[in-house]
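Below is one structure, written out as structure tokens; the observations come after it.
The values are calculated or read from the model by the stated rules, or taken from the named source; none is laboratory data. Being a predicted model, the structure only gives us computed values, none of them experimental. Heads up, the Cβs are rebuilt from the backbone with ideal geometry, glycines too, and the neighbour counts pull from every protein chain shown.
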Amino acid sequence: MKNIIFVFSFFAIMTLVYTPTFAQKTTYDKVEVQVDGLGCPFCAYGLEKKFKELKGIKKVRIDMETGLMQFNYPSGKMIDVETIENQVDKAGYTPVTTRITRNSGEVVTSERVEEIHEAVVLENVEATSFKVRGNCSMCKARIEKAATSLAGVGTAVWEAETQLIQLEYDPELIDLSDIHKAIAKAGHDTKKANAPDEVYDNLPPCCLYQRN
């Protein structure tokens, strides 16, 4: 009988010791990221959908007017700026500033500075145009960014009505086929390059143009 009482007492004590550990409440870091390029509710939906890939994310809020996205993420997972910016990039938008307020009070901030290729460095400028598939203002921002981010490209202007992109570039610095590939990689088909299916499928609903 004494043995039974001892065993019962032992398990009762162990339960008291370990219960607080298992009952610990999850703490969260607060994340704020300024996103450039949000043009409509579908854009916000696409951005939120991409972030829902991060398991444990809570209280996602997106202000369409300011482009500010906020959410909470478990402190124990120690989310970093690179992860946040990568998710924004994958959704097809541009992260401008990122701020993480840790549960401990520590604040981590970052500002994305885009490299600018000035037209003045282009010595042998040629103008050309070609068709790029897209639908809306978000497509316009994504297509133009894909082109102008390349060294050797001066200007790039895409219009939804004509589906044409007007380019100025230096053929001695970049091959035209590489521009086609960069635009396709961003999710938009051109005459010479097709976007990967997985990239196209991840575009916001408003950007899903009809493919041939």
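So here's what we get for this one:
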item	result
Matching residues in region 180-206 - criterion: being out of contact with any helix residue (DSSP H, G or I) (no Cβ under 8 Å at 6 or more places or on another chain) and among the hydrophobic types (A, V, I, L, M, F, W, C)	A184
Region 63-111 - residue that is polar (S, T, N, Q) and free of Cβ contacts under 8 Å to residues at least 40 places away in the same chain and, of those, farthest from K52 (Cα to Cα)	S104
Residue in region 145-179 that is farthest from K90 (Cα to Cα), counting only those that are among the acidic types (D, E) and in contact with a helix residue (DSSP H, G or I) (Cβ under 9 Å, 6 or more places away or on another chain)	D170
Leading residue by the ranking (nearest to E106 (Cα to Cα)) among those in region 22-64 that are among the small types (G, A, S) and modelled with pLDDT under 90	A23
Filter result for G67 (surrounded by 10 or more Cβ atoms within 10 Å (Cβ to Cβ), in contact with a Leu (Cβ under 9 Å, 6 or more places away or on another chain) and at pLDDT below 95)	yes
Pairs with Cβ under 9 Å, 6+ apart, first in region 43-57 and assigned by TED's automatic domain parsing to the domain that holds P74, second surrounded by fewer than 17 Cβ atoms within 10 Å (Cβ to Cβ) and of a type in the set (K, R)	K50/K90; E53/K90; L54/K77; K55/K77; G56/K77
Among (1) surrounded by fewer than 15 Cβ atoms within 10 Å (Cβ to Cβ); (2) modelled with pLDDT of 95 or more; (3) not assigned by TED's automatic domain parsing to the domain that holds E198, the one test that N86 misses	(2)
Residues of region 149-189 satisfying the condition of being closer than 17 Å to M138 by Cα and either in contact (Cβ under 8 Å) with a residue 40 or more places away in the chain or not assigned by TED's automatic domain parsing to the domain that holds F130 (or both)	I183, A186, G187, H188, D189
